[in-house]
């Protein structure tokens with residue numbers, strides 16, 4: 001019998017987790033928990049059940065790990081502490097500034113329940129964090145750079161959709177090629193927000209809407225667009241569906257550092273992701289950490305962890321011996 | 001008082017470790033152990049001693065970690081098991097095929113001595129292994145690629161130097177740009193040895209030597225050059241010293257994989273190193289893992305580990321709280 005997994009929340013991320021479980025033969029999806037009417041939710045895995053979220057507690061003995069696929073704004077701050085007392089859990093909490101607080105809440109709940117919780121799993125936070133950390137430990141004297149994109153920012157797309165006269169919209173965050181070139185050349189540039197990323201918007205306007213006004217409202221929107229060089233394209237609903245229905249993303253973490261008695265030698269560490277599907281890739285990371293949560297729990301571990309606290313081998317279905325023979 | 005470090009073997013790697021310790025304020029180099037006459041060895045750290053390797057055993061209580069900087073061919077297979085019984089040790093054993101055997105020998109010694117040993121630390125094996133492992137755990141369906149270079153291969157340079165009529169030589173391994181392009185484009189090419197790397201040789205010939213014969217001998221040398229497209233340049237000793245005295249290296253680990261119910265989405269994970277000094281960068285990785293060895297030992301751990309077995313946070317001088325607040 002495989003590791004028994006539950007999914008709480010069946011949006012893009014939950015579906016991504018379902019797909020990822022299928023690619024890992026040591027895991028089995030047992031149930032999906034939803035706030036909607038379970039009858040209305042169609043999942044892909046025939047052998048798994050769809051249950052109302054209110055039934056989740058009854059599954060405490062029937063699941064090895066519950067994967068929490070809610071949003072970071074309002075769902076996870078409540079859900080992760082709540083379920084960490086009952087299940088081993090993994091979440092993708094990504095509000096960087098609130099991670100310490102979330103960690104404390106989840107840790108208390110998981111310790112009380114004798115469970116393992118792993119928070120903030122995905123690629124940023126997650127794999128990007130790991131790469132920042134490894135690179136900083138190895139090159140203590142240096143400079144960090146993180147670039148995001150080319151990819152869809154859901155938050156920025158939503159912000160455009162809230163503008164009067166906008167029917168639909170998709171926003172891409174794009175690293176500035178010249179900035180990247182300077183970093184890769186070891187120039188250690190100081191980069192402003194504007195120098196690091198541009199924003200490209202594809203907007204479907206309502207009939208008769210004032211496009212010039214929409215464009216101006218986008219480009220001057222504080223925090224979202226005003227600090228960036230932003231391009232706005234008006235397209236048809238058909239074009240949006242045809243050319244911009246995917247959820248690609250990616251990005252880079254770089255550390256440029258020096259070694260040597262006189263700091264005479266330069267080094268560059270670059271980690272680069274190009275992702276066709278942001279939620280499916282995030283889900284794939286989460287599923288690997290679900291394996292880790294399960295294993296740690298079988299070893300008697302308790303409490304909250306992040307990617308920093310988990311030895312890499314816990315993520316792999318292979319044994320230590322296999323890993324040393326095939327991947328070291 | 002910082003973590004007390006000893007260095008055994010004072011070649012390029014040993015000197016790199018000495019430099020790296022200087023960049024880590026929580027560490028202190030106490031002694032360098034050499035097979036040469038200690039009087040003849042000048043180190044850079046004024047506060048550290050130079051001792052003969054025969055005195056190493058007397059330092060068992062005076063060091064927290066002994067870093068073994070010998071070679072993988074003959075030194076480390078003997079030294080690491082020998083010293084793992086007395087000290088927490090870190091080595092950079094890089095004969096991939098013999099790692100399982102080395103692990104077993106070191107593990108037995110370290111367990112007996114109640115010490116922690118971390119073997120095969122550096123960038124390959126080491127950081128590249130980590131990236132292969134993480135990427136495989138996250139994208140179970142996909143294809144791995146490792147490219148090395150542009151960088152100096154010591155083994156290949158040595159092979160050229162053994163040819164009659166050759167005074168000195170330096171060999172660079174270079175990834176084939178088109179192969180890299182195909183991998184990055186998600187084409188999942190099957191690549192032969194010749195399609196992955198080219199080899200570029202800079203050779204100083206002895207006066208009156210038959211350059212055509214030397215070039216032919218290089219290009220047809222089995223295992224080293226025959227399987228590659230090799231370029232040979234004859235240059236003067238002065239040019240070799242001026243243009244090729246560095247020990248740069250680097251390379252890339254890529255994994256190209258798919259996700260989705262029908263495997264419809266592609267993803268690319270790339271890890272890329274550009275290093276001015278191969279030994280200094282390797283040393284920097286080793287020193288971060290020396291911190292991990294020390295910490296694991298203070299927690300009561302015993303036995304042999306590899307990079308797969310060590311939670312990333314152990315490498316950092318920062319606390320878990322600091323890491324979560326600043327790097328997650």
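Descriptive notes on the structure:
- Residues (outside any loop (DSSP other than H, G, I, E, B) and within 9 Å of chain B (Cβ to nearest Cβ)) located in the stretch A:136-157: A:136, A:137, A:138, A:144
- Residues considered: B:283, B:301, B:288, B:293. Of these, the only one that is under 23 Å from residue A:315 (Cβ atoms), touching a helix residue (DSSP H, G or I) at 6+ places or on another chain (Cβ under 7 Å), at pLDDT 95 or above and not in a strand (DSSP E or B) is B:288.
- Among the conditions (1) under 28 Å from residue A:266 (Cβ atoms); (2) at pLDDT 95 or above, residue A:218 misses just one, which is (1).
- Flag if residue A:296 is free of Cβ contacts under 8 Å to residues at least 40 places away in the same chain, surrounded by fewer than 24 Cβ atoms within 10 Å (Cβ to Cβ) and within 22 Å of residue A:123 (Cβ to Cβ): no
- The set of residues in the stretch B:171-197 that are under 18 Å from residue B:256 (Cα atoms) and in contact (Cβ under 8 Å) with a residue 40 or more places away in the chain comprises B:175, B:180, B:183, B:184, B:186, B:188, B:191, B:196.
- Within the stretch A:269-292, the presence of a residue that is without any contact (Cβ under 8 Å) to a residue 12 or more places away in the chain and touching a strand residue (DSSP E or B) at 6+ places or on another chain (Cβ under 9 Å) is excluded.
- If you go through the stretch B:64-93 and keep only what is touching a strand residue (DSSP E or B) at 6+ places or on another chain (Cβ under 8 Å), within 12 Å of residue B:8 (Cα to Cα) and either surrounded by fewer than 24 Cβ atoms within 10 Å (Cβ to Cβ) or outside the structural domain of residue B:108 (by the TED database) (or both), you end up with B:70, B:75, B:79.
- Filter result for residue B:321 (surrounded by fewer than 21 Cβ atoms within 10 Å (Cβ to Cβ), under 30 Å from residue A:15 (Cα atoms), out of contact with any strand residue (DSSP E or B) (no Cβ under 6 Å at 6 or more places or on another chain) and within 9 Å of another protein chain (Cβ to nearest Cβ)): no
Yes or no, residue by residue, for (1) at the interface with chain A (Cβ under 9 Å from one of its Cβ atoms); (2) within 25 Å of residue A:137 (Cβ to Cβ):
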| residue | (1), (2) |
| --- | --- |
| B:220 | no, no |
| B:231 | no, no |
| B:236 | no, no |
| B:267 | yes, no |
| B:271 | yes, yes |
| B:293 | no, yes |
| B:305 | yes, yes |
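- Cβ pairs under 7 Å, 6+ apart, first in the stretch B:54-81 and part of a loop (DSSP other than H, G, I, E, B), second loosely packed, with under 14 Cβ neighbours inside 10 Å: B:69/B:11
- Residues located in the stretch B:252-268, provided they are free of Cβ contacts under 8 Å to residues at least 40 places away in the same chain and either under 28 Å from residue B:80 (Cα atoms) or in contact with a strand residue (DSSP E or B) (Cβ under 6 Å, 6 or more places away or on another chain) (or both): B:265
- All positions within the stretch A:273-289 that are within 29 Å of residue B:285 (Cβ to Cβ) and more than 7 Å from every other protein chain (Cβ to nearest Cβ): A:282, A:286, A:287, A:289
- Residue list for the stretch B:94-121, filter: touching a helix residue (DSSP H, G or I) at 6+ places or on another chain (Cβ under 7 Å), more than 10 Å from chain A (Cβ to nearest Cβ) and in a loop (DSSP other than H, G, I, E, B): B:115, B:121
- When restricted to residues that are more than 21 Å from residue A:6 (Cβ to Cβ) and either surrounded by 24 or more Cβ atoms within 10 Å (Cβ to Cβ) or out of contact with any strand residue (DSSP E or B) (no Cβ under 9 Å at 6 or more places or on another chain) (or both), the stretch A:94-114 contains 8.
The values are calculated or read from the model by the stated rules, or taken from the named source; none is laboratory data. A quick note: this is a predicted structure, and the numbers were derived from the prediction, not measured. Quick reminder, even Gly has a Cβ in these numbers, built from the backbone with ideal geometry, and neighbours come from all protein chains shown.
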